[in-house]
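Okay, so here's the structure we're looking at.
The values are calculated or read from the model by the stated rules, or taken from the named source; none is laboratory data. These numbers come from a predicted model, not from an experiment. We place every Cβ from the backbone using ideal geometry, glycine too, and count neighbours over all the protein chains shown.
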Amino acid sequence: MTTTMFIHNISQLWTPQGFQASRGAAMREVRKITNACILVRNGALAWVGSMDELSQAHQAPAHPLHAIASEAFAAPAFDAAGRCCVPGFVDSHTHFVFAGWREDEFFWRAEGLPYMELHRRGGGIQNSVRATRAASEEELVELGRKRIRTMLAHGITTAECKSGYGLDRDTELRQLRAIRKLAEEEPVTIVPTFLGAHSIPPEFAGRPRAYLEFLAAEVLPAVRAEGLARFVDIFCEKGVFELEDTRWYLEQAKAMGFALKLHADEIAPLGGAGLAASLGAVSADHLLKASDEDIAAMAAAGTIAGLLPLTAFSLREPYARARAFLDAGCAVALASDLNPGSCYSQSVPLIFALAVLYLGMGIEEALTALTLNGAASLGLADRVGTLEPGKYADFVLLDAPSPGHLAYHVGMNLVSSVWKQGCMVWHA
């Protein structure tokens, strides 16, 4: 049985276009429709355009859109009441399945203690590891479920989620199984990433290569056998996993059929961005200290630059040089980096404001970064990230006349309703 829904009276609809990442200057090219409407058929977008065009087609039997117009006007309707519309947001870098809190660290950092000093003292990620190792799969699922509800409230309909708070075989697999269960049960598309190489556990202190060899021999095969992750990521950072070890590990993961991601050049200018390009990684993220040479290499390789302004804000670090990436022709994605330590935030509105005010991005570039390019960095640009016929009907209605208000209303959530595959899954 065919199910349809017609959403009309949309003040403005903005969407990037395409089925692959948008790069450089093309990220400004956003389709803008006034008095827009959407026809949904069986959870996918059947038509997106202006009400004026559809009304004219309905009155002219010979018009190419006459059949679409007839279907739309016969379908159950939803009145958007003059709200504007954008694609569902894609949060392409999160760590939302974990146990325990690290609020003390937030205030220690506020007093001037560097993040990596916390890490060296056995705090930081290790605090989350201890709490997550003690949590059951059911506890992790329920903790993750609460964070998914906050995602929906901010218009996020697709998200990546990383493991990385177990740093052993059993807990890493437990995290990934919890992520899989949430993906099966919640109205958000969730893409799992294995980040066992998030830090060096106490059991391997001072032996990063030995730990990576353990992951490659004992954990990656189990992840692959259960189909628990599509991507493998690593924290490539000075004093954690440096370039030679990172290259070795990612080559092992690539040989097993995993697509690659990197945490790169966040704290020190190590060259992780260039390594990501040389390995053909889908994305490299953070990139606060990426060099011009490595930015050019990422552009040439088609490696997406995942910029995480909420983390720079929380750590009081200089923001990534978004304009350098854009001017070099890179595809730029924006994401939250929700995690228990360096960035406990899911604020899409604040991402937009920081992108425009401090990263130098235009609102159209920021929208493309949080939709199409986020989808591309997860291998989903053929299904989500834009409002075009054939893609999932994942969209957000905002309580504003124009999507420009996403940045203009600094840090204020304007989401009125969230739609996943044509069904309303959240409303204010």
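Restricting attention to the range 31-81, and to residues there that are of a type in the set (S, T, N, Q) and over 27 Å from the mean Cα position of the chain (by Cα), which single residue is nearest to Thr2 (Cα to Cα)?
Narrowing the range 31-81 to residues of a type in the set (S, T, N, Q): 34-35, 42, 50, 55-56, 59, 70.
Still in the list and also over 27 Å from the mean Cα position of the chain (by Cα): 34-35, 50, 55-56, 59, 70.
Numbers: Thr34: 28, Asn35: 26, Ser50: 23, Ser55: 23, Gln56: 25, Gln59: 24, Ser70: 15 Å.
Filtering the range 31-81 for residues that are of a type in the set (S, T, N, Q) and over 27 Å from the mean Cα position of the chain (by Cα), the one nearest to Thr2 (Cα to Cα) comes out as Ser70.
Of the residues in the range 1-30, how many are within 25 Å of the chain's Cα centre (by Cα) and outside any strand (DSSP E or B)?
So the count comes out to 15.
Please go through the range 1-20 and give me each residue that is farther than 18 Å from Cys85 by Cα and polar (S, T, N, Q), ordered by number. Thr2, Thr3, Thr4, Gln20 - these are the residues of the range 1-20 that are farther than 18 Å from Cys85 by Cα and polar (S, T, N, Q).
Only one of the listed residues (Ser342, Ser336) is touching a strand residue (DSSP E or B) at 6+ places or on another chain (Cβ under 8 Å) and in contact (Cβ under 8 Å) with a residue 12 or more places away in the chain. That residue is Ser336.
Taking the numbered list (1) out of contact with any Leu (no Cβ under 9 Å at 6 or more places or on another chain); (2) assigned to a helix (DSSP H, G or I) in turn, Glu203 passes all entries but (1). So, Gly374, is that one within 21 Å of Phe19 (Cα to Cα) and assigned by TED's automatic domain parsing to the domain that holds Asn42 or not? Answer is no for this residue. For the range 175-203, a residue qualifies if it is under 21 Å from Cys236 (Cβ atoms), in contact with a strand residue (DSSP E or B) (Cβ under 8 Å, 6 or more places away or on another chain) and among the polar types (S, T, N, Q), and the qualifying residues are Thr193, Ser199. Within the range 244-258, the presence of a residue that is of a type in the set (Val, Ile, Thr) and within 21 Å of Leu338 (Cβ to Cβ) is excluded. Considering the range 298-390, the qualifying helices (runs of 4 or more DSSP H), each wholly inside and each with 1 or more residues that are of a type in the set (Asp, Glu), run over 322-327, 363-369. Can you confirm whether Val48 is among the aliphatic types (A, V, I, L, M), crowded, with 21+ Cβ neighbours inside 10 Å, modelled with pLDDT of 95 or more and within 27 Å of Ala322 (Cα to Cα)? When the stated conditions are applied, Val48 does not pass them.
Against the list (1) of a type in the set (Ser, Thr, Tyr); (2) in contact with a helix residue (DSSP H, G or I) (Cβ under 9 Å, 6 or more places away or on another chain); (3) in contact (Cβ under 8 Å) with a residue 24 or more places away in the chain, the condition Tyr408 fails is (3).
Here Gly257 clears all of (1) part of a loop (DSSP other than H, G, I, E, B); (2) crowded, with 24+ Cβ neighbours inside 10 Å except the condition numbered (2).
Can you report the number of residues in the range 39-69 which are out of contact with any Phe, Trp or Tyr (no Cβ under 7 Å at 6 or more places or on another chain) and either closer than 24 Å to Met424 by Cβ or without any contact (Cβ under 8 Å) to a residue 12 or more places away in the chain (or both)? Give the derivation first.
Taking the range 39-69 first, the residues out of contact with any Phe, Trp or Tyr (no Cβ under 7 Å at 6 or more places or on another chain) are 40-42, 45-57, 59-67, 69.
Next, only the ones that are either closer than 24 Å to Met424 by Cβ or without any contact (Cβ under 8 Å) to a residue 12 or more places away in the chain (or both) stay: 40-42, 45-51, 54, 56, 59-64, 66-67, 69.
Residues that pass the stated criteria total 21.
In the range 230-245, what residues are over 22 Å from the mean Cα position of the chain (by Cα), without any contact (Cβ under 8 Å) to a residue 40 or more places away in the chain and closer than 14 Å to Glu213 by Cα? Once the filter is applied, which keeps residues that are over 22 Å from the mean Cα position of the chain (by Cα), without any contact (Cβ under 8 Å) to a residue 40 or more places away in the chain and closer than 14 Å to Glu213 by Cα, the range 230-245 yields Glu244, Asp245.
Looking only at the range 407-428, residues that are outside any loop (DSSP other than H, G, I, E, B), among the aliphatic types (A, V, I, L, M) and closer than 29 Å to Glu185 by Cβ come to 4 in all. Number of residues in the range 224-254 that are within 19 Å of His95 (Cβ to Cβ) and either surrounded by fewer than 24 Cβ atoms within 10 Å (Cβ to Cβ) or out of contact with any strand residue (DSSP E or B) (no Cβ under 8 Å at 6 or more places or on another chain) (or both) equals 6.
Rundown of residues vs (1) surrounded by fewer than 19 Cβ atoms within 10 Å (Cβ to Cβ); (2) closer than 30 Å to Glu293 by Cα; (3) among the charged types (D, E, K, R), yes/no style:
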{"site": "Arg169", "(1), (2), (3)": "yes, no, yes"}
{"site": "Glu172", "(1), (2), (3)": "no, no, yes"}
{"site": "Thr189", "(1), (2), (3)": "no, no, no"}
{"site": "Ala210", "(1), (2), (3)": "yes, no, no"}
{"site": "Lys261", "(1), (2), (3)": "no, yes, yes"}
{"site": "Glu266", "(1), (2), (3)": "no, yes, yes"}
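If the condition is being among the hydroxyl-bearing types (Ser, Thr, Tyr) and within 24 Å of Ala67 (Cα to Cα), then the range 16-36 contributes only Thr34.
Can you tell me which of Leu359, Leu367, Leu310 is outside the structural domain of Gly124 (by TED's automatic domain parsing), more than 26 Å from Glu388 (Cα to Cα) and of a type in the set (A, V, I, L, M)? Working first, answer last.
On the way: Leu367 fails: more than 26 Å from Glu388 (Cα to Cα); Leu310 fails: outside the structural domain of Gly124 (by TED's automatic domain parsing).
Being outside the structural domain of Gly124 (by TED's automatic domain parsing), more than 26 Å from Glu388 (Cα to Cα) and of a type in the set (A, V, I, L, M) holds for just one of Leu359, Leu367, Leu310, which is Leu359.
Residues are listed down the side, and each one gets a yes or a no for (1) part of a helix (DSSP H, G or I); (2) in contact (Cβ under 8 Å) with a residue 60 or more places away in the chain; (3) among the hydrophobic types (A, V, I, L, M, F, W, C):
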{"position": "Asn127", "(1), (2), (3)": "yes, yes, no"}
{"position": "Leu152", "(1), (2), (3)": "yes, yes, yes"}
{"position": "Thr158", "(1), (2), (3)": "no, yes, no"}
{"position": "Arg174", "(1), (2), (3)": "yes, no, no"}
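Filtering the range 269-297 to residues that are in contact with a Ser or Thr (Cβ under 8 Å, 6 or more places away or on another chain), assigned to a loop (DSSP other than H, G, I, E, B) and surrounded by fewer than 24 Cβ atoms within 10 Å (Cβ to Cβ) leaves Pro269, Gly271, Gly280, Val282.
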